[in-house]
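**Student:** Below you will find the structure I want to go over with you.
The values are calculated or read from the model by the stated rules, or taken from the named source; none is laboratory data. All values reported here derive from a predicted model rather than from experimental measurement. No Cβ is skipped: glycine too gets one built from the backbone with ideal geometry, and neighbour counts run over all protein chains shown. Just so you know, the surface numbers come from the protein's heavy atoms only, side chains and all, with ligands and any DNA or RNA stripped out. Shrake-Rupley method; radii C 1.70, N 1.55, O 1.52, S 1.80 Å.
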Amino acid sequence: MNSPIRTDIDWPSFLSRHDPLWKTKPLSWDDGVFLGNGMLGAMVYGEEHRMKRNVLRFVLGRCDVTSKRPGGEGFPVRVPIGELALELEGWIYQPCEIRLDLWEAELRALIPTTKGYVKLRAFIHALSPVLAVEAETDEGEKGAKFQWYAYPEVDPILKNSDGINLSQPIPEIEVQHVSDGGLSVGVQSYGEDMGCTTVWKAGPASNNPADGDGPEIHRKQICLVTVSNGISGEIQAAARTEIEKVPLADPAWVSWIQAHRNWWHDYYPASFVSVPDTPLESFYWIQMYKLAAATREDQLPIDNQGPWMTSTPWPGLWFNMNVQMSYSPVYTANRLELGLSLVSSLRGNQAQLIQNVPEPYRADSAGLGRSCSYDLNCPVTDEFGNLTWALHNCWRQYRHAMDDHMLREFLFPLLRRSVNLYLHLLEEAENGKLHLPPMVSPEYGSFLQMKAPDTHYDLALLRWGCRTLLQAAERLGINDPLAGRWQDTLERLVPFPVDETGYRIGSGVSLEFGHRHFSHLLAAFPLHMIGDREEERELIIRTLRHWIGMEGDLRGFSLTGAASIAAFLGMGDEALAYLKSLMHMIKPNTMYKEAGPVIETPLAAAESIHDMLLQSRGDVIRIFPAVPEAWEEAVFHQLRAEGGFLVSAVRKQGRTEWIRILSLAGEPCRIANDLIASSEGYVLEMDGSCTASGEAQADGSLCLRLREGEEALLYAPGLSGKLPLKVAPVPAEQGKCNVFGGRKPWRLYGLPK
């Protein structure tokens, strides 16, 4: 039948209210404009130093550019590349106008200087590893020019403007420059055939000026830059080709730009979210942009900072929380293609995951330590559950897609190995209970190397792993010889240690000082293994309040975890309070930094917003399960639930108006929502040509049986005869659009004297 849902979303207009805006020049990584295509990234900002106020910097990063540490110890680390500088005649004056256009995924700016104006458009092409910058200048800025600087050549005044981070090793770098047929080539060698190649070209434009108003144009020029990992002749030739194949004359130039825009125009409508908190809604949509700028299906997994390189103590992948949280929003957001970069990394490095465990266990086990480069060479020492947690992300990928081939050929066998590592370590007590030996609970007493037996973190992951293997084996029809061992482990494994404060870190170790990680609450979030019984809910709440009450070591990601846990418990007001607190810690451009960038925190906050709107666990789909009291309206469209369902719903005047469930895989589901529990009842419409049905359950949920491609519509009786129903944004709050970017008092940065 024809869909009963109509979307009324003007995407360019809707996203424009969330575009980050700058009225003052961004001065650092913290408030820069960020562009990316999953591999190549640029952070755009100027400089506060009085001698460099005439430079706008495009600081480039490429995720796979790494170098061995001096001395060869440890894993290869991310290293800075360099920057494209737009060097102006005059000093940049305030106020200016800079917009990150989310819909088009491009920077647009009109920047006044003490000599004139410059108008900019910049983007990193969605389908090509090329940064393109257009600059239009008036008479006063006709001498403005582009210049590429390899990292060793960047003015020391401009380096480490965020503070020198001594734990990030920078190799000795040899730089060579070559001019070749109008192209400039910079080769940076780190030794042992490692390094990167940058190719750039700048010159007068032969195409029409960019759209929009601006000063009278005296000169227009375009600069193209690409960066490749490696320094061989073949790599240098390929980098040249990337630049040479960009068409600079109309109409081919316009078509090339349109291909970039089309990719983003196809990306955004995969799902839709709108809430009556416009700043939080803006934050959410900037994270959706950030996700696709940070990774793609065929790219590397998201590390701690994505393609936006700056000084950091974490120049790689961290698997005791960071990677897992970075990917957390892709599943509900119906952007599963982005999650495949993590799946591909684990699948392609299984041999290394086996080598990561001690030699006696390699016949049947695999594991992943704390931190590594993209080869996942990371021996397991004192954290044993990190691979299992990463596979929980892959399980979410599976459950939201219901791809049984992926489950059979990749996820089941690797999870089996991950759980086997734990089984080798189990110890049996005199009473028959199974215990785990002392291990590290991530982030608790890290500097003290504090260990505890039976850590909540590891018990939770082992329980989840055994349950999931049994579930997967049943689904796939596998009669696994270890099934009895998994079931026996579940029956005899020691319970989670608890005390008067709630769940403990481990046996004999209570939470006695600040703890930024939620590792002692992992069974509640993200594993969702506990909380169905009232005594479990009380324990979770007690633990949550005790944990958050110890403020000494909380971080931004602590608040995202707390928000998701509160949402899981149905406490929407508390979840919103945690997110509101987080907004005070987020940088003006929505990035997050402690001693260095940690991209997972803002991305995980997007997942917390999902958890307030839609939760799915097993066959249960909860719709608007933790909406704050202040959110009388909320809308989402095509969020994805476990079992392969696309869910749309509208809430008005504090109540759910309608719900639409579309099955992509033919799985059963149960729907829990206030509309179903309403005394006024509801209307249920199904595809008339199918055998789908709905049954009320004792717990107040509604059981739906839909075949693949079928959908069900539930709505309040008052909407009868008013089909089709409409998906439209919640009205924006007056004066609260475009809140991210930069609005420092411009008089502080006025004309130089």
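**Student:** Work from the charge dipole of the chain (Cβ charges, +1 for Lys and Arg, -1 for Asp and Glu, about the Cα centre) and give the residue of S128, A562, H405 farthest towards its positive end.
**Tutor:** S128
**Student:** Enter the Cα centre distance for the pair region 363-384 and region 426-446, rounded to the nearest angstrom.
**Tutor:** Centre-to-centre distance over Cα atoms comes out at 19 Å.
**Student:** Give me the Kirkwood hydrodynamic radius of region 89-203 in Å, from all C-alpha pairs, to one decimal place?
**Tutor:** Averaging 1/r across every pair of different Cα atoms and inverting gives 17.0 Å.
**Student:** Can I ask one more? Put +1 on the Cβ of every Lys and Arg and -1 on every Asp and Glu Cβ in the chain; which of L391, Y289, G32 then has its Cα farthest towards the positive end of the dipole?
**Tutor:** G32
**Student:** PRE reach from D488 (point 7 Å along Cα→Cβ): which of region 409-428 fall under 15 Å by backbone N?
**Tutor:** Those under the cut-off are 420, 423-428.
**Student:** If packing is taken as the average number of other Cβ atoms within 10 Å across a peptide's residues, how do 494-501, 384-391, 428-435 rank, most packed first?
**Tutor:** Answer by packing, highest mean first, reads 384-391, 494-501, 428-435.
**Student:** Right, here's the next one. Give K587/K652; K587/K736; K201/K593 a once-over and call out the pairs whose C-alpha atoms are over 26 Å from each other.
**Tutor:** Cα-Cα > 26 Å for K587/K652; K201/K593; rest within.
**Student:** Follow-up question, since we're still on this one. With everything on Cα atoms, drop me the angle between helix 534-549 and the longest principal axis of the chain, reported from 0 to 90° to the nearest 10.
**Tutor:** In the chain, helix 534-549 runs at an angle near 30 degrees to the longest axis.
**Student:** Continuing with this model, one more query. Of all accessible surface on the chain at a 1.4 Å probe, what whole percent is carbon and sulfur?
**Tutor:** 48 percent
**Student:** Using helices alone, I'd like the mean residue ellipticity at 222 nm for the chain: each DSSP H run of four-plus residues gives -39500 (n - 2.57), total over residue count, nearest 500.
**Tutor:** Per the formula, -8000 deg cm²/dmol.
**Student:** To test your reading of the geometry: what angle, between 0 and 90 degrees and rounded to tens, separates the Cα axis of helix 456-476 from the longest principal axis of the chain?
**Tutor:** The two axes meet at around 80 degrees.
**Student:** In Å³ and rounded to a whole number, note down the convex hull volume per residue for the Cα atoms of region 24-182.
**Tutor:** Hull volume over Cα atoms, normalised by residue count, gives 136 Å³.
**Student:** Let me ask something else. Which value, in Å³ per residue, describes the convex hull spanned by the Cα atoms of region 478-585?
**Tutor:** Spread over its residues, the Cα hull of region 478-585 gives 129 Å³ apiece.
**Student:** Still on this structure, please answer the following. Give me the three principal axis extents of the chain from the C-alpha atoms, as integers in angstrom, largest value leading.
**Tutor:** 80, 69, 46
**Student:** In whole Å, how far is the Cα centre of region 467-483 from that of region 68-143?
**Tutor:** 53 Å
**Student:** Out of L714, F645, T656, whose Cα points farthest toward the positive end of the dipole of region 636-735 (charges: +1 Lys, Arg; -1 Asp, Glu; placed on Cβ)?
**Tutor:** The residue sitting farthest along the positive end of the dipole is T656.
**Student:** Once amide H atoms are built 1.01 Å from N in the peptide plane, which residues 5 or more positions from I599, or in another chain, come under 5 Å H to H?
**Tutor:** Residues meeting the amide H criterion: Q305.
**Student:** Which of the pairs K142/K290; K115/K145; K25/K52; K52/K290; K159/K580 have their Cα atoms more than 24 Å apart in this structure?
**Tutor:** Too far apart for the 24 Å limit: K142/K290; K52/K290; K159/K580.
**Student:** By how many degrees, between 0 and 90 and to the nearest 10, does the Cα long axis of helix 600-613 differ from the longest principal axis of the chain?
**Tutor:** The two axes meet at around 50 degrees.
**Student:** Rolling a 1.4 angstrom probe over the protein heavy atoms, how many square angstrom per residue are accessible across the chain?
**Tutor:** 37 Å²
**Student:** Using mean Cβ contacts within 10 Å as the protection proxy, how do 639-649, 522-532 order, highest first?
**Tutor:** Result, highest mean first: 639-649, 522-532.
**Student:** Sorted by packing (mean other beta-carbon atoms within 10 Å per residue), highest first, where do 474-483, 585-594 land?
**Tutor:** The peptides rank, most packed first, as 585-594, 474-483.
**Student:** Report Rg(Cα)/(2.2 N^0.38 Å) for region 488-537, keeping two decimals.
**Tutor:** Expressed relative to 2.2 N^0.38 Å, the Cα Rg reads 1.20.
**Student:** I'd like the distance between the alpha-carbon centres of region 1-63 and region 517-593, rounded to an integer number of Å.
**Tutor:** Region 1-63 and region 517-593 have Cα centres spaced 29 Å from each other.
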